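The values are calculated or read from the model by the stated rules, or taken from the named source; none is laboratory data. This structure is a prediction, so every number in the text was calculated from the model and none was measured. With ideal geometry, Cβ positions are generated from the backbone for all residues, glycine too; neighbour counts draw on all protein chains shown.
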Amino acid sequence: MRYSPKKISLEEARLSGIDVNFETINKGEKRYKLVSSDGSSYCRTVGSEIGAWQNGHYHKAVTEFYVVQSGWIVYAEIGLNQEVDLHFLQEGESVSVKPFVHHNIYMSANAITHTIKYGGGSNGVDWFPSHKLDKVTKKLTENDLLELKCF
């Protein structure tokens, strides 16, 4: 017997608690999201024509898993020592971010990432700004990052 998938309409998906959200932010960065009412989501992000930092944040319930498809990113987090740690990730590399970890992403020009948010079972907003992290990361330019580059 041949497998013959049936398309699910957007209306059917929404009735099941799944929605789509496509948006352009941060000077042209494009985000294509598939979002569940339980707080989990998938997002394909395409960097803008010019590299840029996203906004520092943390989650109280969900875990985030980032995968770099193409280009490179810098993952920044406030470590246990309260210092900002920077990690350069290239194509095929990934990072998992646990709840309460303040983090931010620098997307190089036209980089493509995939982000999965899961866990927590929250259907409310679980995104909280990290002004402390933004004070450090937002002043770092791409040239600064490339000078620090360890990959």
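What residue, among those in region 18-52 that are touching a residue at least 12 places away in the same chain (Cβ under 8 Å) and among the aromatic types (Phe, Trp, Tyr), is farthest from ASP126 (Cα to Cα)? It comes out as TYR32.
Please determine, by comparing only the residues of region 5-59 that are of a type in the set (S, T, N, Q) and not in a strand (DSSP E or B), which one is farthest from VAL97 (Cα to Cα). If you could, list the steps in order and put the result at the bottom.
If we filter region 5-59 for residues that are of a type in the set (S, T, N, Q), which is where we start, we get 9, 16, 21, 24, 26, 36-37, 40-41, 45, 48, 54-55.
Filter again for not in a strand (DSSP E or B), leaving 9, 16, 26, 37, 40, 48, 54-55.
Values: SER9: 32, SER16: 27, ASN26: 22, SER37: 21, SER40: 14, SER48: 23, GLN54: 15, ASN55: 15 Å.
Across region 5-59, the extreme among qualifying residues is SER9.
For region 132-146, the set of residues classified as under 14 Å from ILE73 (Cα atoms) and either acidic (Asp, Glu) or outside any loop (DSSP other than H, G, I, E, B) (or both) consists of THR137, GLU142, ASN143, ASP144, LEU145, LEU146, listed by residue number.
Of all residues in region 104-121, which are of a type in the set (A, V, I, L, M) and within 14 Å of GLU29 (Cβ to Cβ)? Break it down stepwise before answering.
First, the residues of region 104-121 that are of a type in the set (A, V, I, L, M): 105, 107, 109, 111-112, 116.
Selection gives ILE105, MET107, ALA109, ALA111, ILE112.
Of the listed requirements (1) small (Gly, Ala, Ser); (2) out of contact with any Leu (no Cβ under 7 Å at 6 or more places or on another chain); (3) more than 21 Å from VAL136 (Cα to Cα), SER41 misses just one: (2).
Kindly provide the set of residues from region 78-111 that are within 17 Å of CYS43 (Cβ to Cβ) and in a strand (DSSP E or B), ordered by number. Give the steps one after another, and end with the answer.
Taking region 78-111 as the starting set, the residues that turn out to be within 17 Å of CYS43 (Cβ to Cβ) are 89, 94-97, 103-107, 110-111.
Answer for region 78-111, where residues must be within 17 Å of CYS43 (Cβ to Cβ) and in a strand (DSSP E or B): LEU89, SER94, VAL95, SER96, VAL97, HIS103, ASN104, ILE105, TYR106, MET107.
Among the residues of region 117-139, just one is aliphatic (A, V, I, L, M) and either surrounded by fewer than 16 Cβ atoms within 10 Å (Cβ to Cβ) or touching a helix residue (DSSP H, G or I) at 6+ places or on another chain (Cβ under 8 Å) (or both), namely VAL125.
Just a yes or no: is a residue in region 112-131 of a type in the set (Lys, Arg), in a strand (DSSP E or B) and closer than 28 Å to SER16 by Cβ?
Yes, region 112-131 contains a residue that is of a type in the set (Lys, Arg), in a strand (DSSP E or B) and closer than 28 Å to SER16 by Cβ.
Taking the options GLU93, GLU83, GLU49, GLU64, name whichever one is surrounded by 15 or more Cβ atoms within 10 Å (Cβ to Cβ), over 10 Å from the mean Cα position of the chain (by Cα) and charged (D, E, K, R). Just a single option satisfies the conditions, and that option is GLU93. Checking each residue in region 117-151 for being in contact with an Asp or Glu (Cβ under 7 Å, 6 or more places away or on another chain) and modelled with pLDDT of 95 or more picks out only LYS117.
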